[in-house]
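The values are calculated or read from the model by the stated rules, or taken from the named source; none is laboratory data. Just so we're clear, the structure is a prediction, and the values are computed from it rather than from any experiment. Cβ placement follows ideal geometry from the backbone for every residue including glycine, while neighbour counts extend to all protein chains displayed.
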């Protein structure tokens, strides 16, 4: 699903909606390299400055949804301590959706900053 307009709503076929923060954080955690579930959870916590801590059930439910939506894929599977460990990575569509959302958020932040006058030099008399 090519995303040509960064201001279009995130749409995976189910409904158009703004991307929720946990989804944004999960996709961001996978933007630079493939990661397994525990590493994704730690990266989400780091990216969010400790504000978001994903519980195991929530994390794997979200990963399953993102797999079904075609935004991520299984990069590798291995058995570690008799348990299957999957490593996930972004798909091309996932990268496009994340890039579009990042641009949308940046544009909104710039506008909020402009309207608030944040960073402006005080007028001198």
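The figures follow:
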quantity	calculated
In the range 87-97, residue nearest to residue 19 (Cα to Cα) [restricted to those that are without any contact (Cβ under 8 Å) to a residue 60 or more places away in the chain and crowded, with 16+ Cβ neighbours inside 10 Å]	91
Options 98, 67, 84, 63; residue that is modelled with pLDDT under 95, in contact with a strand residue (DSSP E or B) (Cβ under 8 Å, 6 or more places away or on another chain) and either under 22 Å from residue 33 (Cβ atoms) or part of a helix (DSSP H, G or I) (or both)	84
Selection count, the range 1-21, where residues are touching a helix residue (DSSP H, G or I) at 6+ places or on another chain (Cβ under 6 Å) and modelled with pLDDT of 75 or more	1
Filter result (farther than 16 Å from residue 19 by Cα and under 15 Å from the mean Cα position of the chain (by Cα)) within the range 65-76	73
Pair list, Cβ < 7 Å and 6+ apart or interchain, from the range 98-121 residues that are at negative phi and surrounded by 10 or more Cβ atoms within 10 Å (Cβ to Cβ) to residues that are in a helix (DSSP H, G or I) and modelled with pLDDT of 95 or more	98/27; 98/28; 101/24
Whichever residue in the range 22-77 is touching a residue at least 60 places away in the same chain (Cβ under 8 Å) and within 17 Å of residue 102 (Cβ to Cβ) and, among such residues, is surrounded by the fewest Cβ atoms within 10 Å (Cβ to Cβ)	31
